[in-house]
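Student: What follows is a single structure, and I will ask about it in a moment.
The values are calculated or read from the model by the stated rules, or taken from the named source; none is laboratory data. Note that this is a predicted model, so its numbers are computed, not measured. Here the Cβ positions follow ideal geometry from the backbone for every residue, glycine too, while neighbour counts run over all protein chains shown.
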Amino acid sequence: MTQLKRDRQFRPLPVPSVEIAGLFGDRQDAICNSTAETLLNRCVEAGMVQAIDMNEPSPGIVIPIQPWGGTTQMFWDSDLGKSIETVAYSLYRRPNPQLEARVDAIIDLYEKLQDEDGYLNAWFQRVQPDRRWTNLRDHHELYCGGHLIEGAVAYFQATGKRKLLDIMCRYTDYLITVFGHGEGQLRGYCGHEEIELALVKLARVTGEKKYLDLCKFFIDERGTEPHFFDQEAIRDGRDPADFIQKTYEYGQAHLPVREQRQVVGHAVRAMYLYSGMADIATEYKDDTLTSALETLWDDLTTKQMYVTGGIGPAASNEGFTDYYDLPNESAYAETCASVGLVFWANRMLGRGPNRRYGDIMEQALYNGAMAGLSLDGKTFTYENPLESAGKHHRWTWHHCPCCPPNIARLLASIGSYMYAVADDEIAVHLYGESKASFEMDGARIELAQKTRYPWDGAIRFDISTGQPARFALSLRIPEWASGASIRVNGEALDLTRITVEGYARIEREWKTGDHVDLDIPLIPRALWANPLVRQDAGRVALMRGPLVYCAEAVDNGEGLNALELEGDVAQAKTTEIAELRGAVALELPATREEANWGDVLYRTSPPEKRKATARFVPYPFWDNRAPGEMLVWMRAGKLNHE
C-alpha cells in the first residue's frame, strides 16, 4: 500500500455544493419540516430572544446561579447561534421566507445589542455587565461568541446577507485587541473550547488570516505556565484552587496541547479543542499538532469509546473516567460529544484521506450522534445509553439545550462532511444519495452518487464535466468491508494496488459519462469487546455496515437480558420496517430463559430455555415507537462468527 505525504490540504465542500437525498435527505427533511422552527420557538419560550431585545427589560437571572458559579442561562447566545446555523442550512434545502424573517429579526436585535467596541454577549451586557472577561474558565464567554460566529458564516452562505457576519467580524476584530502577548492584553482562552472552530470558518469565508492567527493563539496558549486560570482567579479575588471540578483536565488546560497524551475531562470540550487543533494543523501544515492529535486519537478509540461512537461515560463531569470504563445503562455519551467526535474526525481528514478517521466519523455519526434526533425531528436525547430498562425517553427541551441544535446543524450540513477537495483530488468520506459540484483542473465537475446506503452497499458515481479533467477520486473502503470491489466504466480494478490509507485512489482524466461502481458488502457481523470492558463480558454487539443494532421490547417483549443469541450472524435475516422509514432490521435465532422464577431472587437450578427469534433495529432509530426496554450488548450463545 502506498502512502502520500500529509502536507496536502483538504477542505470540506461548502454545504450549498452538495445536494442530499436518501437517509440523510430524510433527516434533513425532518429538520426543514420540524426541527428548525422548533428550535426558534423554544428559544423564544425560554426567554432567549427577550434577553437580547434592548426594547424589553432585561429578564435578569431566570435560571439560578449554580455551585460552579454560573448558570446555563449564560449559554443562551450559543443556543441562538446554533439555531441560526441550523435554520441557515435548512434554507439551502428548502426556502422558508417566514423562518428567514424570524432570523433576520433576531439578527437586528443583536445589531442593536452590540457595544460600540464590538463586544457582544447578552449575559455580560444585560445581567452582569461588571463581570466581562473575569472568569473565562467557567463562564463560556468566548464559547458563546464562537457559536454566533458559526451561525453568521452559515447564514451568510445561505442567504447572502452580511449583517450578522459583519457583526461577528467586528466582534472578532475586538477580540484581537483583547487577547494576545501585547501590553495590557490577556494571554487567555476559553474554559469551554468552541471559538477555535468558529475562527477557522470565519477565516475561510472572509479570507482573513488574522482570524486563523487568533485561533492559533488560543490553542498555543492553552495549558501553558504561569497558568492563565490561576492568574485570572487571583485578579478576581478568587481562590484558584476553589472550583467545582478541581482539575484543569476538565477543560484540557492541564498541559500545553502538544504535550497532552491522554483524552481527559469534559468530552465535548475535548472534541472541540482537538477539532480546532486539527484545523490549525491543516492550515499551517503543523506536524507537531498532528502528531499530538494522532496520539490522542489512539487513546480515545482504543480505550475510551463506545461501540456506538459515544464518548464520555460519566454524568459527573460529562466526560471521561478510567480506561475501559464503559457502562451501558448509565452511559452518559452525550449527543454533543458524538457530534464533536464527528467534527474532530472530519478535520483530521484535512491532511489527507485516512480510513482510521473516516471509519470512526461514520460510526459516530450514524450511531452516537444521529440517535439524538427523533425521526420526526421534534424530540431529542442528551444522554445515549446502550441499555435501558424502559425509562429513558426523548424529551422536547432541556434546561441546557445544547444538543438539539448541535445534532440538527450537523445533519443539516452533512454534505460538507461527505466530500472534501484538494488541488488535484476529491475524497468521498461518507456514502449516501447525493450530488456534489466542484472545480478541478479548470473544469466544473458534478459527481452524482446513487445508492441506498446504508441499507444497500451498491454505490455508483456518475461524472459530468464541461471538459475532460485530470484529478484523483478517492473512495473510502471501510475496514469492515470484506469483499469490497470497484469498477471504472465496467472494468474491475485491483483494490490492493490502488488503496492508499484505506481509500481507493483513482487518478485519471475524467470525462462526462465516466462512472465508478463501488460495491461494499453489508454483511451482518458480531463484535466482542476487549475483556477489560467488564460490562460487556460474555456479550456481543451486532453491526451491519456502519450501523450498530439494538433489541427493543416492542419487537421482542420485555426481559431482553433473557435472550441468548445463536446461529450464524452473517446469515441474519433482513427485513424493512415501514414505521422506521424503511430501516433494515436483523433477525437471528436465539434462546430465551423462561420467566418462571416467581418471587425467588436466587436458586440452585439453572433456568429453562426455549427457542426464540431476536429482532434488532438500528440503534439510532430506537425509542421512535412504543417505549420499552432496549439492549445493545446481547448474551452470546452458540454463535458462528467465521
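Student: Sort out for me the helices (runs of 4 or more DSSP H) sitting completely within the stretch 1-111 that have 1 or more residues that are among the β-branched types (Val, Ile, Thr). First the steps, then the outcome.
Tutor: Numbers: elements: 22-30, 36-46, 48-52, 76-93.
Helices (runs of 4 or more DSSP H) meeting the threshold: 36-46, 48-52, 76-93.
Student: What residue, of His140, His147, His192, is buried (at least 21 other Cβ atoms within 10 Å of the Cβ), farther than 27 Å from Asp286 by Cα and at pLDDT 95 or above?
Tutor: On the way: His147 fails: farther than 27 Å from Asp286 by Cα; His192 fails: farther than 27 Å from Asp286 by Cα.
Only one candidate passes the filter, namely His140.
Student: Any residue in the stretch 347-364 that is crowded, with 24+ Cβ neighbours inside 10 Å, polar (S, T, N, Q) and either assigned to a helix (DSSP H, G or I) or touching a Cys at 6+ places or on another chain (Cβ under 6 Å) (or both)?
Tutor: Checked against the condition, which is being crowded, with 24+ Cβ neighbours inside 10 Å, polar (S, T, N, Q) and either assigned to a helix (DSSP H, G or I) or touching a Cys at 6+ places or on another chain (Cβ under 6 Å) (or both), the stretch 347-364 yields at least one hit.
Student: Could you list all residues from the stretch 567-580 that are surrounded by fewer than 15 Cβ atoms within 10 Å (Cβ to Cβ), within 29 Å of the chain's Cα centre (by Cα) and outside any strand (DSSP E or B)?
Tutor: If the condition is that a residue be surrounded by fewer than 15 Cβ atoms within 10 Å (Cβ to Cβ), within 29 Å of the chain's Cα centre (by Cα) and outside any strand (DSSP E or B), then Ala578, Glu579 are the ones that fit.
Student: Give me the residue from the stretch 379-397 that is under 20 Å from Glu329 (Cβ atoms) and over 19 Å from the mean Cα position of the chain (by Cα) and, out of that set, modelled with the lowest pLDDT.
Tutor: Trp395
Student: Determine which single condition Lys303 fails, assuming it passes every other condition in (1) in contact (Cβ under 8 Å) with a residue 60 or more places away in the chain; (2) touching a Leu at 6+ places or on another chain (Cβ under 9 Å).
Tutor: (1)
Residues checked against (1) at pLDDT below 95; (2) over 26 Å from the mean Cα position of the chain (by Cα):
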residue	(1), (2)
Thr499	no, yes
Arg508	no, yes
Asp517	no, yes
Ala529	no, no
Leu547	no, no
Glu558	yes, yes
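Student: For residues in the stretch 112-138 being among the charged types (D, E, K, R) and in a helix (DSSP H, G or I), which is farthest from the chain's Cα centre (by Cα)? Walk me through it before giving the result.
Tutor: Initial filter on the stretch 112-138 (among the charged types (D, E, K, R)): 112, 115-117, 126, 130-132, 137-138.
Now narrow it down to the ones that are in a helix (DSSP H, G or I): 112, 126, 130-131.
Working: Lys112: 33, Arg126: 32, Asp130: 35, Arg131: 32 Å.
Looking at the filtered set, the residue picked out is Asp130.
Student: Every residue in the stretch 157-195 that is of a type in the set (Val, Ile, Thr) and closer than 16 Å to Lys209 by Cα, please.
Tutor: Kept after step one, since they are of a type in the set (Val, Ile, Thr), are these residues of the stretch 157-195: 159, 167, 172, 176-178, 195.
Hits for the stretch 157-195 are Thr172, Ile176, Thr177, Ile195.
Student: With respect to Asn384, is the statement that it is in contact with a helix residue (DSSP H, G or I) (Cβ under 6 Å, 6 or more places away or on another chain), under 23 Å from Ser83 (Cα atoms), in contact (Cβ under 8 Å) with a residue 60 or more places away in the chain and not in a helix (DSSP H, G or I) true? Even if it seems obvious, please write down each step before you answer.
Tutor: Numbers: in contact with a helix residue (DSSP H, G or I) (Cβ under 6 Å, 6 or more places away or on another chain): yes; under 23 Å from Ser83 (Cα atoms): yes; in contact (Cβ under 8 Å) with a residue 60 or more places away in the chain: yes; not in a helix (DSSP H, G or I): yes.
In short, yes.
Student: Right, here's the next one. Considering only residues that are surrounded by 13 or more Cβ atoms within 10 Å (Cβ to Cβ) and touching an Asp or Glu at 6+ places or on another chain (Cβ under 8 Å), which ones fall in the stretch 488-504?
Tutor: Those that are surrounded by 13 or more Cβ atoms within 10 Å (Cβ to Cβ) and touching an Asp or Glu at 6+ places or on another chain (Cβ under 8 Å): Val488, Gly502.
Student: Let me ask something additional. Looking at (1) assigned to a strand (DSSP E or B); (2) of a type in the set (S, T, N, Q); (3) more than 28 Å from Val342 (Cα to Cα), which is the one condition that is false for Ser474?
Tutor: Among (1) assigned to a strand (DSSP E or B); (2) of a type in the set (S, T, N, Q); (3) more than 28 Å from Val342 (Cα to Cα), the lone unmet condition for Ser474 is (3).
Student: Cβ-Cβ below 6 Å, separation at least six or inter-chain, first residue in the stretch 564-580 and farther than 13 Å from Arg544 by Cβ, second among the polar types (S, T, N, Q): which pairs?
Tutor: That search, which allows pairs on different chains as well, returns Glu564/Thr591; Asp568/Asn640.
Student: Could you check the stretch 78-130 and list, in sequence order, the residues that are of a type in the set (Lys, Arg), modelled with pLDDT under 95 and over 22 Å from Pro14 (Cα atoms)?
Tutor: Passing the criteria: none in range.
Student: If you scan the stretch 441-462, which residues turn out to be out of contact with any Lys or Arg (no Cβ under 6 Å at 6 or more places or on another chain), farther than 16 Å from Glu576 by Cα, modelled with pLDDT of 95 or more and surrounded by fewer than 18 Cβ atoms within 10 Å (Cβ to Cβ)? Lay out the reasoning, then the answer.
Tutor: Of the stretch 441-462, the ones out of contact with any Lys or Arg (no Cβ under 6 Å at 6 or more places or on another chain) are 442-447, 449, 451-459, 461-462.
Restricting the remaining residues to those that are farther than 16 Å from Glu576 by Cα gives 442-447, 449, 451, 458-459, 461-462.
Restricting the remaining residues to those that are modelled with pLDDT of 95 or more gives 444-447, 449, 451, 458-459, 461-462.
Within the stretch 441-462, Arg444, Glu446, Ala458, Asp462 qualify.
Student: Please verify whether the stretch 489-501 includes one or more residues that are in a loop (DSSP other than H, G, I, E, B), over 23 Å from Leu23 (Cβ atoms), in contact with a helix residue (DSSP H, G or I) (Cβ under 7 Å, 6 or more places away or on another chain) and not polar (S, T, N, Q). Outline the logic, then answer.
Tutor: Initially, the stretch 489-501 is screened for residues in a loop (DSSP other than H, G, I, E, B), giving 489-490, 493-494, 501.
With the extra rule that they be over 23 Å from Leu23 (Cβ atoms), the set shrinks to 489-490, 493-494, 501.
Keeping just the survivors that are in contact with a helix residue (DSSP H, G or I) (Cβ under 7 Å, 6 or more places away or on another chain) gives 501.
Cutting the leftovers down to not polar (S, T, N, Q) gives us 501.
Taking every residue of the stretch 489-501 in turn, at least one turns out to be in a loop (DSSP other than H, G, I, E, B), over 23 Å from Leu23 (Cβ atoms), in contact with a helix residue (DSSP H, G or I) (Cβ under 7 Å, 6 or more places away or on another chain) and not polar (S, T, N, Q).
Student: Further question: For the stretch 610-642, enumerate the residues that are of a type in the set (S, T, N, Q), assigned to a strand (DSSP E or B) and modelled with pLDDT under 95.
Tutor: Just the residues of the stretch 610-642 that are of a type in the set (S, T, N, Q), to begin with: 613, 624, 640.
Checking which are assigned to a strand (DSSP E or B) leaves us with 613, 640.
Scanning the stretch 610-642 gives a single hit, Asn640.
Student: Return yes when Ser485 is of a type in the set (S, T, N, Q), surrounded by 18 or more Cβ atoms within 10 Å (Cβ to Cβ) and either within 30 Å of the chain's Cα centre (by Cα) or not assigned by TED's automatic domain parsing to the domain that holds Gln449 (or both) and no when it is not.
Tutor: Details: of a type in the set (S, T, N, Q): yes; surrounded by 18 or more Cβ atoms within 10 Å (Cβ to Cβ): no; either within 30 Å of the chain's Cα centre (by Cα) or not assigned by TED's automatic domain parsing to the domain that holds Gln449 (or both): yes.
Against the criterion (of a type in the set (S, T, N, Q), surrounded by 18 or more Cβ atoms within 10 Å (Cβ to Cβ) and either within 30 Å of the chain's Cα centre (by Cα) or not assigned by TED's automatic domain parsing to the domain that holds Gln449 (or both)), Ser485 does not qualify.
Student: Looking at the stretch 605-619, is at least one residue basic (Lys, Arg) and under 23 Å from Tyr306 (Cα atoms)? Outline the logic, then answer.
Tutor: The first filter runs over the stretch 605-619 and keeps only residues basic (Lys, Arg), leaving 609-611, 615.
With the extra rule that they be under 23 Å from Tyr306 (Cα atoms), the set shrinks to 615.
Within the stretch 605-619, one or more residues are basic (Lys, Arg) and under 23 Å from Tyr306 (Cα atoms).
Student: Test Lys82 against the criterion of being charged (D, E, K, R), under 28 Å from Ile176 (Cα atoms) and buried (at least 17 other Cβ atoms within 10 Å of the Cβ), and give yes or no.
Tutor: yes
Student: Scan (1) under 21 Å from Tyr357 (Cβ atoms); (2) acidic (Asp, Glu); (3) in contact with a Phe, Trp or Tyr (Cβ under 7 Å, 6 or more places away or on another chain) for the single condition Asp441 breaks and write down its number.
Tutor: Of everything listed in (1) under 21 Å from Tyr357 (Cβ atoms); (2) acidic (Asp, Glu); (3) in contact with a Phe, Trp or Tyr (Cβ under 7 Å, 6 or more places away or on another chain), Asp441 misses just condition (1).
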